[in-house]
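**Student:** Could you have a look at this structure, given as structure tokens, before my questions?
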Amino acid sequence: MSYDFFVYGSEAIGHDDVATRITNIRGLSFDPAESGPSEDHTWGFLVRRGIRRSYSFTVEGPFPDSGEDMDDRQASPAVLGIRYRYDISVEGGGSAAEIPHAWAFAKKLAKAASGVALDAQTDGTWPEPKSPPLTSYEEYYKDLSIGGESLETQWYFLQSEVPGKLAQTYLDVCRELFPSALPTNYRSYLGGRPWEHQENDNSFLEALQINKMPWLRATGSGIVTNLGFSGLGAGTDVPSKIGSISLTMRTHRLLDPDSLASFRRFFLALAERSNSFFASAEVTRSRLTPESVKQTEEASSQVDRGKWRGLPAHPVWWSYFGTPYVELVRPHLSGRHQQIDGSLFHSYGETPQNRDEIAEILPGRRTHWLPEDLTAVYDFCLPQQPIASTIPSQLTVAK
């Protein structure tokens with residue numbers, strides 16, 4: 001059985017040109033008696049290699065071929081207008097050691113023919129196929145590796161309680177404690193064009209004021225992959241009393257104790273300076289389905305149509321409770337907690353913990369981390385999200 005390669009190209013390479021290319025490669029040669037042009041403008045070469053001039057491979061062409069049998073992925077590197085095919089084979093009696101030499105020549109021929117070389121056995125392609133442009137969905141999830149974990153962090157606050165210039169406060173806290181969270185490449189919706197002139201704070205503040213969408217999307221740098229801002233500007237057309245900030249990063253970047261300590265200071269400082277009534281940091285996981293579809297756990301969104309829905313139903317690694325919730329949740333928290341100027345910080349471990357890991361350490365194998373009347377399940381597929389039966393009176397203005 002032969003080992004075959006195909007070259008598809010837009011150029012017809014002549015006999016003499018190919019002969020020169022063969023002899024220019026150290027160790028390769030051919031016998032004119034075994035090679036040559038034919039009457040239909042094609043040619044063939046039996047290529048030999050080494051001092052003993054042992055058989056290496058054969059190459060034939062050019063044959064008229066538009067490349068219709070190639071799939072789009074294989075054809076993507078080639079110049080449009082494929083017209084010819086060249087066949088390179090290591091025949092069944094040849095040595096497997098000659099296959100790399102045949103593939104090397106196929107790539108050189110593909111370059112000369114302005115085309116692409118294919119390995120018929122493995123579907124390997126040279127040049128490597130260019131990936132198609134990412135869809136907005138793929139762009140958003142490109143940083144989530146299969147089997148990987150992300151840390152989704154959110155801060156919630158009443159807009160009526162927001163300090164005068166919370167957006168500037170956010171920038172200041174970032175520069176002071178966690179520069180990776182400074183927003184760049186911000187846009188008004190997923191997949192939208194980035195905002196122009198992103199070189200200073202004023203451009204970000206202006207974007208928040210002019211933005212008419214519920215969220216202003218952005219990216220951070222290095223450790224931070226996604227950012228979202230809602231309710232920090234006056235421009236949105238969606239009425240809401242609740243403002244929020246979201247941040248996504250890869251959990252493995254937080255395994256360093258110094259990075260973790262820095263992020264914790266940032267998490268708490270932003271919660272305090274924004275007067276957040278609730279903030280959370282939770283681990284979400286991604287996996288690959290049998291249908292090769294990437295799926296991720298959804299981080300809970302506790303706001304629906306501008307209304308506060310209640311606390312998340314599943315346990316989260318870090319949680320920060322402002323005054324409205326402190327006394328309601330304190331008796332039920334089983335992790336470590338710390339009182340901070342009337343607020344409460346709660347943690348289920350020194351390093352990021354996912355939902356299953358937290359469930360294993362809940363006392364008495366409880367299925368809930370807080371009373372059910374304080375929580376609201378999040379289901380991305382529901383047209384309207386459920387609302388907790390008990391919500392602090394301070395927050396019912398948004399109910």
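**Student:** Out of curiosity, is Gln339 over 19 Å from Glu152 (Cβ atoms) and either of a type in the set (Phe, Trp, Tyr) or not in a helix (DSSP H, G or I) (or both)? If you could, list the steps in order and put the result at the bottom.
**Tutor:** Values: over 19 Å from Glu152 (Cβ atoms): yes; either of a type in the set (Phe, Trp, Tyr) or not in a helix (DSSP H, G or I) (or both): yes.
Yes, satisfied.
**Student:** Looking at the stretch 26-46, is at least one residue over 15 Å from Tyr84 (Cβ atoms) and β-branched (Val, Ile, Thr)?
**Tutor:** Scanning the stretch 26-46 turns up no residue that is over 15 Å from Tyr84 (Cβ atoms) and β-branched (Val, Ile, Thr).
**Student:** Now for a separate question. For Glu297, work out the one condition from (1) surrounded by fewer than 19 Cβ atoms within 10 Å (Cβ to Cβ); (2) touching a residue at least 24 places away in the same chain (Cβ under 8 Å); (3) farther than 22 Å from Thr248 by Cβ it doesn't fulfil.
**Tutor:** (3)
**Student:** Okay, moving on. Return the total of residues in the stretch 92-103 being touching a residue at least 12 places away in the same chain (Cβ under 8 Å) and loosely packed, with under 14 Cβ neighbours inside 10 Å.
**Tutor:** Of all residues in the stretch 92-103, those touching a residue at least 12 places away in the same chain (Cβ under 8 Å) come to 92-96, 98-99, 101-103.
Now drop any that are not loosely packed, with under 14 Cβ neighbours inside 10 Å, which leaves 92-93, 95-96.
Adding up the residues that qualify gives 4.
**Student:** Right, next: Condition (residue is modelled with pLDDT under 90, surrounded by fewer than 17 Cβ atoms within 10 Å (Cβ to Cβ) and not polar (S, T, N, Q)) applied to the stretch 13-25: is it met by at least one residue?
**Tutor:** No - not one qualifying residue is present in the stretch 13-25.
The values are calculated or read from the model by the stated rules, or taken from the named source; none is laboratory data. Predicted, not measured: the structure shown is a model, and the values here were computed from it. As a convention, Cβ positions derive from the backbone with ideal geometry for all residues, glycine included, and neighbour counts pool all protein chains shown.
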